[in-house]
Amino acid sequence: MSTYIIGLYQSGFVASYPARCEKDDSGGGLASGYINFTTGNGDALEVIQEYQKTANYTGGFDKYIGTLKKLAATHSSSTAGLDGYCDLWTKSCKDPNFFATQIAVANSRYQAPSLKYVKKLGIQYAVSRSVL
């Protein structure tokens, strides 16, 4: 449920689009995937680094790693050096491992930590949990 609420808030769509990639108007560089992983905050880099560990990875993102590390380290909204990145992201979504990696990173980076916080606060209602 939280994924739908966040998707509606961020992009105006209820469904998630793991293959979507576009300029992030809020200053995050490029936003892509299941929960708008951005090049400016490092979560897109994390998805790619985890994807590199999978059996089907073919090396396509390797050329972007240096640029993504620099952008994440400075929280930059720049898209310089990322020509072709969105096309590759979209193409990579044909591999089920790439979508699975997006879900795994979303869970480990955002959903699991927030669930711990929700439990600590004793929040019981699904809507309240999804907001946090």
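In this simple spin-label model, placing a label point 7 Å from the Cα along the Cα-to-Cβ direction at both GLN111 and HIS75 gives a separation of 2.6 nm. The charge dipole of segment 12-103, taken about its Cα centre with unit charges on the Cβ of Lys, Arg, Asp and Glu (plus for the first two, minus for the last two), comes to roughly 140 debye.
Backbone geometry of segment 79-94 corresponds, through the Karplus equation with coefficients 6.51, -1.76 and 1.60 at θ = phi - 60°, to 3J(HN,Hα) couplings of 10, 4, x, 10, 4, x, 4, 5, 4, 5, 4, 4, 4, 5, 5, 6 Hz, x marking Gly and Pro. Between LEU30 and ASP24, THR39, GLY40, the built amide H atoms are under 5 Å apart, and every one of these is 5 or more places off in sequence or on another chain.
No lab work stands behind these numbers, since they all come straight from the coordinates. The shown structure was predicted, so the numbers you read here are calculated from the model rather than taken from an experiment. Don't worry about glycine lacking a Cβ; one is built from the backbone with ideal geometry, like all the others, and counts go over all protein chains shown.
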